[in-house]
Amino acid sequence: MSYDYLFKYIIIGDTGVGKSCILLQFTDKRFQPVHDLTIGVEFGARMVTIDGRPIKLQIWDTAGQESFRSITRSYYRGAAGALLVYDITRRETFNHLASWLEDARQHANPNMTIMLIGNKCDLSHRRAVSKEEGEQFAKENGLIFMEASARTAQNVEEAFINTAAKILQKIQEGVFDVSNENCAAIQQNWGAPWCLLCDFNIVLCACSRKGMGAICLSSGFS
Ligand SMILES: Nc1nc2c(ncn2[C@@H]2O[C@H](COP(=O)(O)OP(=O)(O)OP(=O)(O)O)[C@@H](O)[C@H]2O)c(=O)[nH]1
Ligand SMILES: [Mg+2]
């Protein structure tokens, strides 16, 4: 299916906050009640329409466990958007946000749009972080903010779409120069090289051999 832009997203945050469930709800419209610990990274994709323009979201769901932190850091490159997730029922996941932001600031494009998500808002009876605290943290750090629930799907669609709308706005304001072929964050759908095996945009998947017909590292054939 053709599209005007491809945006790469990364989902980050502590283990167990619901990153994989948010992605699954967005791509498959279903909820996974059991914690299926992510090992390394997982991948999802979906088309959205913003201002009448078809946009493909390529989403990298990272592992929150500390032992995977260095792997996660290598996925910031080329990301136009990030969903930074905490769990409103576990205060420590909110306390760790500053350290996730520090990683993002160090390893991502400075123009990356970051959406802060207070997940599991269906569990408000077990709430440990108020909505106002989430809003305040977002305001202080220049992030967009929403509370959401991967279980009920509340605000899941909105989180991805509002992030894409913000990225599109930055393109229109000239923050991202999409005519510059070194701009790996956003690649327009004209003549972009594609991996023959996994359909990843090679510019975005950090393939060692750019060019039509190459096979990317993500497929395991470097
Ligand atoms: N009630 C409720 N439970 C949720 C929600 N989102 C996720 N969970 C549960 O929280 C647990 C962890 O969810 P995951 O999506 O696997 O967490 P993760 O952030 O991907 O964790 P790692 O892969 O280890 O980094 C699972 O048991 C989910 O069912 C939510 O919105 N509400
Ligand atoms: Mg996961």
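Overview of values
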quantity: Test: residue 148 is open to solvent by less than 50 Å² (accessible area, probe 1.4 Å), under 14 Å from the mean Cα position of the chain (by Cα) and within 16 Å of ligand 1 (Cβ to nearest atom); calculated: no
quantity: Neighbours by Cβ (under 6 Å, 6+ apart or cross-chain): first from segment 42-59, farther than 18 Å from residue 25 by Cβ; second β-branched (Val, Ile, Thr) and in a strand (DSSP E or B); calculated: 55/48
quantity: Enumerated helices (runs of 4 or more DSSP H) restricted to segment 87-147, each holding at least 1 residues that are in contact (Cβ under 8 Å) with a residue 60 or more places away in the chain; calculated: 91-95, 97-107
quantity: Selection from segment 22-52 of residues that are surrounded by 13 or more Cβ atoms within 10 Å (Cβ to Cβ) and part of a strand (DSSP E or B); calculated: 41, 42, 43, 44, 45, 46, 48, 50
quantity: Subset of segment 57-85 (residues that are open to solvent by 40 Å² or more (accessible area, probe 1.4 Å) and either touching a His at 6+ places or on another chain (Cβ under 9 Å) or away from ligand 1 (no atom under 14 Å from the Cβ) (or both)); calculated: 70, 73, 74, 75, 77
quantity: Segment 4-22 residues that are within 13 Å of ligand 1 (Cβ to nearest atom), paired with ones that are open to solvent by less than 10 Å² (accessible area, probe 1.4 Å) and among the charged types (D, E, K, R) (beta carbon under 7 Å, 6 or more apart); calculated: 11/61; 16/87; 17/87; 18/87; 19/61; 20/61
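The values are calculated or read from the model by the stated rules, or taken from the named source; none is laboratory data. Just so you know, these numbers come straight off a predicted model, no measurement behind them. Cβ atoms come from the backbone with ideal geometry, glycine included; neighbour counts cover every protein chain shown. Surface areas here come from the heavy atoms of the whole protein model, side chains and all, with no ligands, DNA or RNA. Shrake-Rupley method; radii C 1.70, N 1.55, O 1.52, S 1.80 Å.
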